[in-house]
Each structure stands twice: as C-alpha cells, then as structure tokens.
Amino acid sequence: MAEVKLDAQVRTDFGKGAARRARRADLVPAVIYGHGAEPKHVAIHNHALMMALKTPNALIRLEFDGKSELVIPKAVQREAIRQFLVHVDFLAVKKGEKVNVELPIHTEGELAPGGNLLEHVLNTLPVEAEATHIPESVTVSIAGLDAGHSVQAKDITLPSGVSLAVEDDAVVLQVVAAQAEAPAEEAAEGEGAEGSEA
C-alpha cells in the first residue's frame, strides 16, 4: 500500500471550543499515539484527510513542525448525520513493525441457487500485518455455497506476512435459507387496501 503524504499543523489549544474553531477553518483535530511517546495533537486539512481515509487502514505520512511521522488511522469519528470528520486517532508506526488492523471482507461468486442469503457474522477480519504492508482487503469466494455452509477465519487466504488476529474457527460468513415472507406481504396488501378506501 502506497503511503499518502499530508501536511499537519501542531495544535496547542484543546477542548470543544478549539475543536469547533479548527473545523470552521476546515481542519480536522487529530491525535497521534504510540511507541510510548506523549500523544501529539495536530490538525489536518479536511478534504485531504477525507480522501486519504477512503482507503481502509491507509498508511499516512504526516508532516508537521519540521518532522515526519508514519501513522495509520485507529479511530475515526464522524458526525452522525452529515458524516463529516470530527476527530481522528492515529497510531504511529515504523517500517517492519507489526500492527493489528481490521480488513474489509469482499465476496466473489454466486451462492447456490434456491434463495439463500449470505450473512456477514464479521464485517471485517482482524489480522496482524506489517505496518507498511497492510492489505486493503481480503476476498472470499462464496461460489456454490448452500444454506448451512459457513466460512471460518482459517478458510480465508491471507497475503504473505499477514496472520489472523482472531480464533481460527471464528465464523466470518454463513449462508442461511431465505425466510418465507408471504404472510407479511399479504398483511401489507390488506393495510394498503384499507387505506385506499379511506
């Protein structure tokens, strides 16, 4: 994964008022943790950070105060309705260092015919990977799986240098038979008919 360079500014004032002022200036407050060092408080331009965070587990090089810090996002807070960035926690990382991250799970292929449904028991797969070689995601084939089948963590092929950070037998995906919904549909049609008479 290529690293993204972002300019940051050191923050010296804190609290809600300071955070609001930063956001009015189109900056996102952030904190850098890790390696036993004191947390560093920075602010990053909103649009540039938003674009960088489109990639899960993005490797970001923050440049501020004449220094450079390699980080990955650990906690991203967004405003509930409009989803703009409110605050980001970063973990400082070094080349060769292993970190625990969660990878998005993508599926490929079609389930066995018969109206089966795929249930994501885990939305992401916890893994340990080298900080500068974190995969963007993992892909799981669901081709031909029928109701009752499941995919466990150990069944997922991981890239070289990446290991599971969850139990081998943890269920990641499972296939369930579709529930019959005809009675509910009939009830809804009946309600609609009553409504049209009123």
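The values are calculated or read from the model by the stated rules, or taken from the named source; none is laboratory data. Worth saying up front: this structure is predicted, and the values here are computed from it rather than measured. Here Cβ is always computed from backbone atoms with ideal geometry, including for glycine, and neighbour counts include all displayed protein chains. Side chains included, ligands, DNA and RNA excluded: accessible areas come from the protein's heavy atoms. Shrake-Rupley method; radii C 1.70, N 1.55, O 1.52, S 1.80 Å.
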Just how much of H106 is accessible, in Å², when a 1.4 Å probe is used and the result is rounded to the nearest 10?
100 Å²
Quick check: from the Cα gyration tensor, does the range 63-121 come out rounded (a/c under 1.5), prolate or oblate?
oblate
Taking DSSP loops as anything outside H, G, I, E and B, show the longest stretch in the chain free of chymotrypsin sites (Phe, Trp or Tyr not before Pro) there with at most 14 other beta carbons within 10 Å.
85-198
To the nearest 10 degrees, how steep is helix 182-197 against the longest Cα principal axis of the chain, on a 0 to 90 scale?
90 degrees
Structure-based [θ]222 nm, the chain - -39500 (n - 2.57) summed over DSSP H runs of at least 4, per residue, nearest 500:
-5000 deg cm²/dmol
Average accessible area per residue (Å²) across the range 36-177 - probe 1.4 Å, nucleic acids and ligands excluded:
53 Å²
Using a probe of 1.4 angstrom, how much of the accessible area of the range 1-127 is carbon and sulfur, in percent?
51 percent
Violations at 32 Å Cα threshold for listed pairs K94/K154; K40/K98; K5/K154 -> K5/K154
Of (1) 38, 20, 14; (2) 41, 27, 12; (3) 39, 16, 14, which one was derived for semi-axes √(5λ) of the Cα gyration tensor in Å from the structure shown?
(2)
Rounded, prolate or oblate, given the Cα gyration tensor of the range 1-106, with a/c below 1.5 counting as rounded?
oblate
